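Please read the structure below before turning to the comments.
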């Protein structure tokens, strides 16, 4: 199959391109820069990039201090992408989202991802929505940033981090299986509270940062403590734990 991976130069996009190429698929990596330039915020380049493609995997990420700017890419941009897929006769749209995003809408990015899910699930192009838990890479980046102040926040809610490669493999499986018009959940092999994950990161990196307990307030805080960002029975359970990921770095 010819597969277009939108956001194909990002963390998940790169891994997905490699996973699909390893299975013999003809893959186009679409991004704001070469080789195939597209811009979801404007729609520029989409028609040309999608011509001849059978499947589109949307691994786009857009993080901004402005919720409106994030939504311009992830929500409005998804509408533009799906419209371009229709014109190009694409037969399967694979969206990527976050487990539990609809339960923590107080956080702007998660609220936008929940809006994006609605767009995907009303798509006229046959679709599958892959929802993943937090990436190991994301936690590592957050901890590294916080450690510069020598303090790591340790909120008392559980996470179930997953390896990017495990999510990429699941996306490749979904591409090959065809559209489900439903969701596929991918989660890590272990559930741990954030403080415990932070302590693992401290031990693995040798940093002197102190892990400090933190309570998240409000409805989103209650949802987080209830396990909103975890999944007890995922469709796909990753193999790589956070500790194993740290040891391999």
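Quick notes on this structure:
- In segment 192-237, the residues that are in a helix (DSSP H, G or I), touching a residue at least 60 places away in the same chain (Cβ under 8 Å) and within 23 Å of the chain's Cα centre (by Cα): 201, 220, 221, 223, 224, 225
- Filter result for residue 14 (surrounded by fewer than 23 Cβ atoms within 10 Å (Cβ to Cβ) and over 15 Å from the mean Cα position of the chain (by Cα)): no
- Residue satisfying condition, being crowded, with 16+ Cβ neighbours inside 10 Å and either assigned to a strand (DSSP E or B) or under 14 Å from the mean Cα position of the chain (by Cα) (or both), within set 27, 73, 63: 27
- Being surrounded by fewer than 20 Cβ atoms within 10 Å (Cβ to Cβ) and touching a helix residue (DSSP H, G or I) at 6+ places or on another chain (Cβ under 6 Å) is a property that residue 102 has.
- Among residues of segment 182-211, those that are closer than 22 Å to residue 232 by Cα and loosely packed, with under 15 Cβ neighbours inside 10 Å, counted: 1
So that you can scan it fast, the table gives a plain yes or no per residue for (1) assigned to a helix (DSSP H, G or I); (2) without any contact (Cβ under 8 Å) to a residue 12 or more places away in the chain; (3) farther than 26 Å from residue 141 by Cα:
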site	(1), (2), (3)
18	yes, no, no
47	yes, no, yes
57	no, no, no
82	yes, no, yes
86	yes, no, yes
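- The residue that is modelled with the lowest pLDDT, counting only those in segment 142-187 that are part of a loop (DSSP other than H, G, I, E, B) and over 23 Å from residue 125 (Cα atoms), is 156.
- The residues of segment 30-45 that are in a strand (DSSP E or B) and over 22 Å from the mean Cα position of the chain (by Cα) amount to a single one, 44.
- Number of the exception - residue 218 against (1) out of contact with any helix residue (DSSP H, G or I) (no Cβ under 7 Å at 6 or more places or on another chain); (2) over 21 Å from residue 147 (Cβ atoms); (3) surrounded by 13 or more Cβ atoms within 10 Å (Cβ to Cβ): (3)
- Tally, over segment 109-136, of residues that are touching a helix residue (DSSP H, G or I) at 6+ places or on another chain (Cβ under 7 Å), more than 23 Å from residue 233 (Cα to Cα) and not in a helix (DSSP H, G or I): 3
- Meets criteria (surrounded by 15 or more Cβ atoms within 10 Å (Cβ to Cβ), on the phi < 0 side of the Ramachandran plot and in contact (Cβ under 8 Å) with a residue 24 or more places away in the chain) for residue 241: yes
- Checking segment 88-101 against the condition returns no match, with no residue being in a helix (DSSP H, G or I), within 13 Å of the chain's Cα centre (by Cα) and touching a residue at least 40 places away in the same chain (Cβ under 8 Å).
The values are calculated or read from the model by the stated rules, or taken from the named source; none is laboratory data. Quantities reported herein were computed from a predicted structural model and do not represent experimental measurements. Please note: Cβ atoms are built from the backbone with ideal geometry, for glycine as well, and neighbour counts cover all protein chains shown.
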